[in-house]
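Visitor: This is the structure, below, for whatever I ask next.
The values are calculated or read from the model by the stated rules, or taken from the named source; none is laboratory data. Everything numeric in this text was worked out from a predicted model, so none of it was measured. Don't worry about glycine lacking a Cβ; one is built from the backbone with ideal geometry, like all the others, and counts go over all protein chains shown.
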Amino acid sequence: MRKPVIGANWKMNRGTPKEALEMIQDFKSNIKKTTSVDIIIFPPYTVLNTIFNTVKKTQIKVGAQNMYFEEKGAFTGEISPIFLKNIGCEYVILGHSERRDIFQETDEIINKKLKKALFISLNPIVCIGEHLEKREAGKTKEIILNQFMNTFKDLTKEEIRKTIIAYEPIWAIGTGKTATPEQAEEIHHYIRELLENNYDRDTAQSVRIQYGGSIKPNNAEDLFRKENIDGGLVGGASLQAESLFEIVKAAQATLK
Ligand code: PGA
């Protein structure tokens with residue numbers, strides 16, 4: 001049985017200690033009794049330390065929204081995965097579609113980052129997903145196959161088992177247009193097939209595949225109830241303590 005995992009991707013929001021604390025203290029007091037769902041907050045770098053210190057003794061984990069593939073040196077403006085680990089990050093999001101589209105990150109760059117994250121034991125969540133025109137042209141699986149083969153290139157079985165995959169159809173991110181549970185499940189099932197074909201059945205069954213794209217308290221449970229959907233990566237709805245808590249509860253409900 002795979003443990004559901006909920007990631008709260010704050011993107012470039014709540015970046016001052018005051019804004020971050022406002023949310024995380026409320027959320028923390030709500031979450032006390034939930035134990036069987038993994039919860040990870042991905043705040044801006046500026047408040048990673050604030051969040052880490054606030055959630056230290058709870059089940060809530062902290063992650064970064066990005067990292068560079070080198071550990072140190074002359075890379076102005078980049079962030080080292082070692083620095084992230086040292087301030088308490090256990091997770092990192094790699095290859096988010098906003099990184100791919102706005103900052104031109106390629107599968108090759110994401111693959112390098114992924115290998116580095118795994119090398120230093122920072123748990124990666126790797127995003128893949130198609131644009132609307134590709135879906136409308138019937139090319140979703142082709143895009144997913146390409147991203148899968150290139151982003152996870154040369155990953156060992158042990159490495160892929162430590163990786164969380166996030167299927168995030170780009171047309172559903174921040175648009176309020178969620179994929180239906182059936183649309184999402186079809187691709188999650190396909191990703192699991194790719195895992196089985198490239199590794200083995202056991203590995204395919206153990207890797208967690210999150211859904212991302214306009215998850216809200218009112219659609220979360222239907223998505224999480226699908227066989228191959230193991231929680232979600234939440235953007236907009238993760239900025240408020242109450243809605244994130246409702247989404248965690250939806251994941252929890254699927255366990256009963
Ligand atoms: P959204 O973002 O929930 O605001 O659609 C999801 C994501 O980008 O991970």
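Visitor: Name the single residue, out of those in region 197-233 being aliphatic (A, V, I, L, M) and either in contact with a helix residue (DSSP H, G or I) (Cβ under 8 Å, 6 or more places away or on another chain) or free of Cβ contacts under 8 Å to residues at least 12 places away in the same chain (or both), that is farthest from the ligand (Cβ to nearest atom).
Guide: The selected residue is A204.
Visitor: Another question, then. From A251, A241, which residue is more than 13 Å from the ligand (Cβ to nearest atom), in contact (Cβ under 8 Å) with a residue 60 or more places away in the chain and either buried (at least 24 other Cβ atoms within 10 Å of the Cβ) or more than 28 Å from I31 (Cα to Cα) (or both)?
Guide: None of the other options fit; the residue is A251.
Every residue, every condition in (1) closer than 29 Å to V207 by Cβ; (2) in contact (Cβ under 8 Å) with a residue 12 or more places away in the chain; (3) part of a loop (DSSP other than H, G, I, E, B); (4) within 16 Å of the ligand (Cβ to nearest atom), yes or no:
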| residue | (1), (2), (3), (4) |
| --- | --- |
| I6 | yes, yes, no, yes |
| K11 | yes, yes, yes, yes |
| M23 | no, yes, no, yes |
| S36 | yes, yes, yes, no |
| N49 | no, yes, no, no |
| V62 | yes, yes, no, no |
| E70 | yes, yes, yes, no |
| E78 | yes, no, yes, no |
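Visitor: Cβ-Cβ distance below 6 Å, separation of 6 or more or different chains: which pairs start in region 158-170 with a residue that is farther than 29 Å from T180 by Cβ and in a helix (DSSP H, G or I) and end on one that is within 16 Å of the ligand (Cβ to nearest atom) and modelled with pLDDT of 95 or more?
Guide: Within 6 Å, no pair qualifies.
Visitor: Considering each of I125, I102 in turn, give the residue that is within 15 Å of the ligand (Cβ to nearest atom), within 17 Å of the chain's Cα centre (by Cα) and either surrounded by fewer than 20 Cβ atoms within 10 Å (Cβ to Cβ) or closer than 21 Å to G7 by Cα (or both).
Guide: I125
Visitor: Can you go through L114, L155, L132 and tell me which one is under 16 Å from the mean Cα position of the chain (by Cα) and either surrounded by fewer than 18 Cβ atoms within 10 Å (Cβ to Cβ) or more than 12 Å from the ligand (Cβ to nearest atom) (or both)?
Guide: L114
Visitor: Testing T58 on (1) modelled with pLDDT under 95; (2) of a type outside the set (D, E, K, R); (3) surrounded by 16 or more Cβ atoms within 10 Å (Cβ to Cβ), one condition comes back false. Which one is that?
Guide: (3)
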